[in-house]
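Here is the structure we will look at.
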Amino acid sequence: MSTISLQDTHHHDNHDDHGHEHHQDTFLTKYVFSQDHKMIAKQFLITGIIMAVIAMGLSILFRLQLAWPDKSFPILETFLGKWAEGGRIRPDFYLALVTIHGTIMVFFVLTAGLSGTFSNLLIPLQVGARDMASPFLNMLSYWFFFTACVIMMGSFFIQTGPASAGWTVYPPLSAIPKAIPGSGLGMTMWLISMVLFVASSLMGGINYVSTILNMRTKGMDLWKMPLTIWAFFLTAILGILSFPVLVAGVVLLVFDRSFGTSFYLSDIVFGTQILPNEGGSPILWQHLFWFLGHPEVYIVIMPAMGISSEIISVNSRKPIFGYHAMIYSLIGITVLSFIVWGHHMFVTGMNPLLGGVFMITTLIIAVPSAVKTFNWLATLWRGNIRFTPAMLFAIGMVSFFISGGLTGIWLGNAALDINLHDTYFVVAHFHLVMGSAAIFGMLAGVYHWFPRMFGRLMDKKLGYLHFWITFTCAYLVFFPLHFLGLDGVPRRYYAFTEFAFMEKWLTVNVLVTWSAIIAGLAQVAFLFNFFYSIFKGKKSSQNPWGANTLEWTAPVERLHGNWPGEIPTVYRWPYDYSKPGAEEDFIPQTVPFSQTMSSNLPHDFEGNTEAEKIQAEWELNNKPAKDTE
Amino acid sequence: MSLKKLISNKTMAALAVIFTAFASTNAFAQEAAAAATAKPVDMGPIYKSTLFYVLLFLLLCLFIAIVGKAMKVYELTRESEGKSEGINWDLVNGVIFVVFLLVGLYGVYWEYTVHGNMILPEAASEHGKKIDEMFNITLILTTIVFIATHIVLFTFAYIYRHQKDKKAYYYPHNNVLERVWTVIPAFVLTILVLMGFITWRSIFYKIEDPKNKPLSIEVTSSQFQWDVRYPGADGIVGLKNYKLITSINNLGIDFNDKNNLDDQVADEIVLPVNKPVRFILTSKDVIHSFYMPHFRVQLNTVPGMTSYFEFTPTITTAEMKAKTNDPNFNYLLLCAKICGTNHYNMQKPVRVVSQKEYEEWVVKQATYLTNDLRKTFKLPLLADPAEKPAAADSTAKDTTAKTNQLALKK
């Protein structure tokens, strides 16, 4: 490997600024074991995109099975061999597909791919830091994640196949290889992969929190941080507090599986073979899993909320409505998300009293979510909305969040959950609110910050095509699924052929599958746009969207250390868009109030009497001039 | 070799990709060929049809590329003529949002009326009616919010689309407004919580009516079947212990417990209408879920833990057939928790009948206790007809009748 000397020259300019050691970047240190947060963000993003494409492919496979349960697809046998003998997916492989689809999407795409990408990219750039608090830990975070991905995918290449107990891997199904083939080596690999993944997200999370708390530039107090940073900050806290619990659960499951303990197992008989395990409880796993699992869904959605808030504000050319309310609602969601996990367990047979309590906390969490939604709508009101692809996806995110969030009110109600639990209604709910809303938030972020990552713009027309097909098809896929759930069709069913009442849904399944295929193909527009634009896209200006936040004050060239000279100082909040009296419709955070005397408002000075006096004097002197304008 | 070179060296990369793909396809193909030697399949047309779809897609891509280029040419000519940029994308997207809203609203209406008519019929149990009430209230509230917010979202997108001479209205916050839309959802949700809480408690905290004691039925799940045990004449489902499970005692029933002597096995669940029934739910191997959607009943069956669900069926199967206008209608018990390969086919028929029919049916059911088990548990063997190997149905039924009589005498 040799150096890339040409692209590397700028390093010498800025090394002095932050006391970086003089060394030459090799291919290995620049692109592979990079410690630059921007490169790590790109690594997370591209790995996340690859994993998303794989997981989407898996979903198309099982959608084929659901739509045409009696039809044979010999091409599948060509690629899947014994798992699709005669061109039909086997039931145990079907379960493996849904399991790995869920695991990849929730953890690898929407946690690592979303938080990993945008926290890494935006935290140092938006709070004004040269890099993360610990670049080395940051690099390790990516490589642990990468290893986790490799191990997870590796489980497709073993004889017994990948884990297939559902992405929640409830024991005893996941604990006993006899219960299902996927609970053999495949499950072991799933568990190892998960431990690595949690290690990765912890390293990431600790980094994000310490960077945000300690490395903000001058003037960047907490209440001047963009909502993206607030979202990433609270997401990281959630992750740090909840992921270790998953590891604890996973370790106990490893013990049960490999060392004969009985944490989750008791009174189990297969046929006439009585297992020796006694005294454990399968419910314990569910408590541990969902103690992470529920915060996890907010780990998934909060970054998407932060990203959408920022993008909606920038492209409406309006300040985000209720900045403080947005932050308090994020904090509210963060706190409450720790005490709602039981709503996944209403019908496990746990004490019904607990069910009642968890129902109350669950429905309370809908209040901050509602506040956020109304604030987004109010931000659009009387805006001057530019429909960049990022903006479209942000609006799509709001739409999905409403649709998916509302069905959460049904499922959070313990009484209604009795009949909806583990049906397609749940599938429809979380695919709208996570699978669609969070993914749209992520895509919005990619379109919006692509110039920040690669110095080029993505093609907007392909972006429009991508958005409208995906938006329409996602609704076509997930909206009808609610009704299957209302008819009592359970999820994770290999085929609808064994029950007479399900046969009427077969045609709906065909519609859903075709929509899914079209939505999948629409992603080709995105992938092409993404990879083509990295190399051939239109060159971006420094601040292509006219945004206020700090990342757009850094040069397009993406220096190691972010800013060539001193790190800019922050004087104002990030949402001064279309401020009356200002010349332009945006005032970057780095512009001091002394330069915008004509647009300053009393509120801006936060009770600083000195500044208020100066402003009053200026207004007195300039009043006639103002009137003539 | 620098990265730039590496990437510009596209042919190398492409070749590598093609080679890998080809090699793996070959490997798979060989494996498939090995498997298919006994039954050679002509893969030709299949590959052709796959190729056909791939080509179709590529053609579509080409078409999109051409349209894209045409648009670009149009925009460039507009630009060179000094006119404003060709297509006003803000207007285009704004209009599509409105179209999406209108089509979407119709779609929602269509879904509610067409697919909404295909969902479960009315609840066939007492508590199910309360659940359905909650369901309707929640449905109405969420639908109103769903429609209203979407109308606002998409019309705002259209009305406030970018226009050159316009400026957005600087409106960072309004505490009154924010308070309003915190308090209103909080209020509505409080009502829903209270109603849900009361309904939930009424389902799981039943006060037993001594005059109308529930019928106890035990259901044991295992991969992939439901075993149903009726209590027999004494009305009590006896003790069992998983350690006693053998090939002839598949539930591990402990026949030293007298309550077990009359317990009956049933291959369907038959319930008397309007009589409370208390299901005792256990599992042998993994977690399953006891799901009877028509009664709005679901509870997981967990190995090592017994759970209970009590409810009262209110509509007989025959009545439901009339109500749904479906002569093939049947109540069902499904498994709703992923439990293994045959999860999708783990069912048990359920019938709700009149008290009289139930009584006629239940006496015909065989007991769990057979002479083989009597030997194992060192219980006195039954005399006469049953002593002969009881394989035939009639003998089994005789035994049942006998046992029942014995039980009655006790």
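What pairs come out if I take residues in the range B:50-71 that are over 15 Å from A:Val524 (Cβ atoms) and pair them with residues that are modelled with pLDDT under 90 whose C-beta lies under 6 Å away, six or more apart or interchain?
Correct list of pairs: B:Thr50/A:Ile75.
Could you please let me know if B:Phe197 is more than 9 Å from every other protein chain (Cβ to nearest Cβ) and either touching a helix residue (DSSP H, G or I) at 6+ places or on another chain (Cβ under 6 Å) or part of a helix (DSSP H, G or I) (or both)?
Taking the combined requirement at face value, the residue does not satisfy it.
Taking the condition crowded, with 17+ Cβ neighbours inside 10 Å, over 30 Å from B:Thr142 (Cα atoms) and outside the structural domain of B:Ile287 (by TED's automatic domain parsing), does B:Tyr230 pass?
Numbers: crowded, with 17+ Cβ neighbours inside 10 Å: yes; over 30 Å from B:Thr142 (Cα atoms): yes; outside the structural domain of B:Ile287 (by TED's automatic domain parsing): no.
No.
Is it true that A:Phe478 is farther than 17 Å from A:Ile395 by Cβ, in contact (Cβ under 8 Å) with a residue 24 or more places away in the chain and not small (Gly, Ala, Ser)?
The answer is yes for A:Phe478.
Can we say B:Lys206 is part of a helix (DSSP H, G or I), touching a strand residue (DSSP E or B) at 6+ places or on another chain (Cβ under 9 Å) and more than 23 Å from B:Met346 (Cβ to Cβ)?
Judged against the criteria, B:Lys206 is not a match.
For residues in the range A:259-270 being within 8 Å of chain B (Cβ to nearest Cβ) and free of Cβ contacts under 8 Å to residues at least 12 places away in the same chain, which is farthest from B:Trp226 (Cα to Cα)?
The selected residue is A:Asp267.
State yes or no: is B:His173 facing chain A (nearest Cβ under 9 Å), in contact with a His (Cβ under 9 Å, 6 or more places away or on another chain) and closer than 30 Å to A:Glu310 by Cβ? Working first, answer last.
Numbers: facing chain A (nearest Cβ under 9 Å): yes; in contact with a His (Cβ under 9 Å, 6 or more places away or on another chain): yes; closer than 30 Å to A:Glu310 by Cβ: yes.
Considered against the rule, which asks whether it is facing chain A (nearest Cβ under 9 Å), in contact with a His (Cβ under 9 Å, 6 or more places away or on another chain) and closer than 30 Å to A:Glu310 by Cβ, B:His173 comes out as yes.
So which residues in the range B:272-289 are in a strand (DSSP E or B), in contact with a Lys or Arg (Cβ under 9 Å, 6 or more places away or on another chain), within 9 Å of chain A (Cβ to nearest Cβ) and touching a residue at least 60 places away in the same chain (Cβ under 8 Å)?
B:Thr282
A quick yes/no check of all residues on (1) polar (S, T, N, Q); (2) part of a loop (DSSP other than H, G, I, E, B):
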{"site": "B:Tyr109", "(1), (2)": "no, no"}
{"site": "B:Ile131", "(1), (2)": "no, no"}
{"site": "B:Asn136", "(1), (2)": "yes, no"}
{"site": "B:Phe156", "(1), (2)": "no, no"}
{"site": "B:Asp165", "(1), (2)": "no, yes"}
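This table checks each residue for (1) buried (at least 24 other Cβ atoms within 10 Å of the Cβ); (2) polar (S, T, N, Q); (3) out of contact with any His (no Cβ under 8 Å at 6 or more places or on another chain).
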{"site": "A:Asn315", "(1), (2), (3)": "yes, yes, yes"}
{"site": "A:Ile327", "(1), (2), (3)": "no, no, yes"}
{"site": "A:Leu377", "(1), (2), (3)": "no, no, yes"}
{"site": "A:Trp381", "(1), (2), (3)": "no, no, yes"}
{"site": "A:Leu392", "(1), (2), (3)": "yes, no, yes"}
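Can you tell me which residue is surrounded by the most Cβ atoms within 10 Å (Cβ to Cβ) among those in the range A:200-221 that are without any contact (Cβ under 8 Å) to a residue 40 or more places away in the chain and among the hydrophobic types (A, V, I, L, M, F, W, C)?
By that ranking, first place goes to A:Val209.
Just the residues that are charged (D, E, K, R) and more than 7 Å from chain A (Cβ to nearest Cβ), please, taken from the range B:143-167.
Matches in the range B:143-167: B:Lys164, B:Asp165.
In the range B:264-271, is there at least one residue being among the small types (Gly, Ala, Ser), outside any loop (DSSP other than H, G, I, E, B) and in the same structural domain as B:Phe295 (by TED's automatic domain parsing)?
Among the residues of the range B:264-271, at least one is among the small types (Gly, Ala, Ser), outside any loop (DSSP other than H, G, I, E, B) and in the same structural domain as B:Phe295 (by TED's automatic domain parsing), which makes the answer yes.
What's the number of the only condition in (1) at pLDDT 90 or above; (2) out of contact with any Gly (no Cβ under 9 Å at 6 or more places or on another chain) that A:Gly86 fails to meet?
All conditions pass for A:Gly86, except number (1).
In the range A:271-308, which residue that is within 14 Å of chain B (Cβ to nearest Cβ) and of a type in the set (Gly, Ala, Ser) is nearest to A:Ile240 (Cα to Cα)?
A:Ser308
Scan the range A:544-561 and give yes if some residue there is in contact with a strand residue (DSSP E or B) (Cβ under 7 Å, 6 or more places away or on another chain) and surrounded by fewer than 20 Cβ atoms within 10 Å (Cβ to Cβ), otherwise no.
For the range A:544-561, residues in contact with a strand residue (DSSP E or B) (Cβ under 7 Å, 6 or more places away or on another chain) and surrounded by fewer than 20 Cβ atoms within 10 Å (Cβ to Cβ): present.
Which residues, taken from the range A:126-141, are surrounded by 24 or more Cβ atoms within 10 Å (Cβ to Cβ) and outside any loop (DSSP other than H, G, I, E, B)?
The answer is A:Gln126, A:Val127, A:Asn138, A:Ser141.
In the range B:308-364, which residues are assigned to a helix (DSSP H, G or I), of a type in the set (Phe, Trp, Tyr) and either within 28 Å of A:Val98 (Cβ to Cβ) or free of Cβ contacts under 8 Å to residues at least 40 places away in the same chain (or both)?
Within the range B:308-364, B:Tyr344 is the sole residue that qualifies.
Does the range B:233-244 hold any residues that are in contact with a helix residue (DSSP H, G or I) (Cβ under 8 Å, 6 or more places away or on another chain), surrounded by fewer than 21 Cβ atoms within 10 Å (Cβ to Cβ) and among the small types (Gly, Ala, Ser), and which are they?
Of everything in the range B:233-244, just one residue is in contact with a helix residue (DSSP H, G or I) (Cβ under 8 Å, 6 or more places away or on another chain), surrounded by fewer than 21 Cβ atoms within 10 Å (Cβ to Cβ) and among the small types (Gly, Ala, Ser), namely B:Ala233.
Among A:Ala179, A:Ala175, A:Ala248, which is the only one that is in contact (Cβ under 8 Å) with a residue 24 or more places away in the chain and in a helix (DSSP H, G or I)?
Going through A:Ala179, A:Ala175, A:Ala248 in turn, just one is in contact (Cβ under 8 Å) with a residue 24 or more places away in the chain and in a helix (DSSP H, G or I): A:Ala248.
Within the range A:477-516, restricting attention to residues that are in a loop (DSSP other than H, G, I, E, B) and of a type in the set (A, V, I, L, M), which residue is farthest from the other protein chains (Cβ to nearest Cβ)?
Ranking the qualifying residues of the range A:477-516, first place goes to A:Val489.
Please specify each residue of the range B:80-111 satisfying the condition of being free of Cβ contacts under 8 Å to residues at least 24 places away in the same chain and over 22 Å from B:Arg161 (Cα atoms).
Let us first name the residues in the range B:80-111 that are free of Cβ contacts under 8 Å to residues at least 24 places away in the same chain, namely B:80-89, B:92, B:96, B:99, B:102-103, B:106-107, B:109-111.
Scanning the range B:80-111 gives B:Ser80, B:Glu81, B:Gly82, B:Tyr106, B:Gly107, B:Tyr109, B:Trp110, B:Glu111.
Is it true that B:Phe255 is within 25 Å of the chain's Cα centre (by Cα) and either modelled with pLDDT of 95 or more or in a loop (DSSP other than H, G, I, E, B) (or both)?
In short, no.
So the check is Cβ under 7 Å with 6+ separation or different chains; which pairs have a first residue in the range A:314-340 that's more than 25 Å from A:Gly546 (Cα to Cα) and more than 10 Å from every other protein chain (Cβ to nearest Cβ) and a second one that's modelled with pLDDT under 95 and surrounded by fewer than 20 Cβ atoms within 10 Å (Cβ to Cβ)?
A:Leu336/A:Thr361; A:Leu336/A:Ile364; A:Ile339/A:Thr361; A:Val340/A:Thr361
Filter the range A:386-431 down to residues that are more than 11 Å from chain B (Cβ to nearest Cβ) and free of Cβ contacts under 8 Å to residues at least 60 places away in the same chain and give me whichever is nearest to the chain's Cα centre (by Cα).
A:His431
Check off (1) within 14 Å of chain B (Cβ to nearest Cβ); (2) buried (at least 24 other Cβ atoms within 10 Å of the Cβ); (3) touching a residue at least 24 places away in the same chain (Cβ under 8 Å); (4) under 24 Å from A:Trp290 (Cβ atoms) for A:Met152 and give me the number that stays unchecked.
(1)
The values are calculated or read from the model by the stated rules, or taken from the named source; none is laboratory data. Please read all numbers here as calculations on a predicted model, not as lab measurements. Here the Cβ is made from the backbone with ideal geometry for all residues, glycine too, and neighbour counts use every protein chain on show.
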